[in-house]
Amino acid sequence: MIEYFSCTPNTHLSNVCEHMSSTTLKALFSSQTRVKLLSTFLLHPEQEYFIRELTRLLGEQINSIRRELENLRRIGLVKARHRNRKKYYHVESEFPFFLELKSIFSKEIQAESPAIGSLKKLPNIQLILLAGSFTGTESKVDLLVVGTIKKEILEALLLQEPNLRHVKYSIFPEADFLYRLSLKDRFILEILNDPRHLIVLNTMQKEIEEAMGK
C-alpha cells in the first residue's frame, strides 16, 4: 500500500520577461515580500490564504502583506473572496504567463531549497525525485524518496521552509521500490518516467535498470 503524506530570476525568467511589460515585471519582482507571496501562491495554486495566516507563514509584517496582496490583486495575479467573515486570497490561474511563472518558482525552490540540500546529505538515501509543486506538474506526490529515513525526520526538514509545508511525499525502502518497479507498478512508473520530473540524487541507476529489465 502506497502512503502519501503532506507536510532570483534566471535565464528562463529572461525569456518570459521579453514578452511581459516593464510595468508588470516591476509589479511582480520589486519587493521581497511580494516574491515570498508569489512563491507561496504559485507553488500552491489550490490553496487559499487569509492575511494573518500569510504573516505567520512568511514572517512578514501585516501591513506589508496587505499592501503587496493589493498590488498583486491590482495586476490580476491574485483574487480575493470572503468566506466565514474572512477575506481569502488565491492565485488566478488564468493570469497571462501563470504557467511560466509557476515553472520558474518551482525550479528556483528545488535548486535553492535548504531542505532538499540537507536531504541529499543524509546517509542511506538512494533516490530523491522532485515532481508536482517542485516542477509545476500534476502528480500524486511532490517528493519521492527511496532509502531509509523516518517520516518525522523528513517532515522536520520540510517544515524548516514555510513554502514546503504542504509538500506531499512518499518514502520507499530500496527493496520495496525495486520490487514495485519490477512489477511495473503504475504509480512508480508514472512518476519515474515523466521527463518533466527532476531526479536530484540517484545512486541506484544500475538497480533500477535491472528491475525494469533493461
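Below are the figures for this structure:
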item: Qualifying residue in region 106-126 (condition: in contact with a helix residue (DSSP H, G or I) (Cβ under 6 Å, 6 or more places away or on another chain), closer than 20 Å to Glu161 by Cβ and surrounded by fewer than 16 Cβ atoms within 10 Å (Cβ to Cβ)); result: yes
item: Looking only at region 136-190, and only at residues there that are buried (at least 20 other Cβ atoms within 10 Å of the Cβ) and polar (S, T, N, Q), the one that is nearest to Tyr49 (Cα to Cα); result: Asn163
item: Meets criteria (of a type in the set (Gly, Ala, Ser) and surrounded by fewer than 17 Cβ atoms within 10 Å (Cβ to Cβ)) for Ala131; result: no
item: Within region 117-214, helices (runs of 4 or more DSSP H) holding 1 or more residues that are more than 21 Å from the chain's Cα centre (by Cα) and not charged (D, E, K, R); result: 174-182, 205-211
item: Cβ-Cβ under 9 Å pairs, at least 6 apart or on other chains, region 116-132 side farther than 22 Å from Ser103 by Cα, far side part of a helix (DSSP H, G or I) and among the aromatic types (Phe, Trp, Tyr); result: Gln126/Phe177; Leu127/Phe177
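Taken together, the values in this text are just the output of simple stated rules run on the coordinates, not laboratory data. What you see is a predicted model; the values in this text were computed from it and never measured. Backbone-built Cβ (ideal geometry, glycine too); neighbour counts: all protein chains shown.
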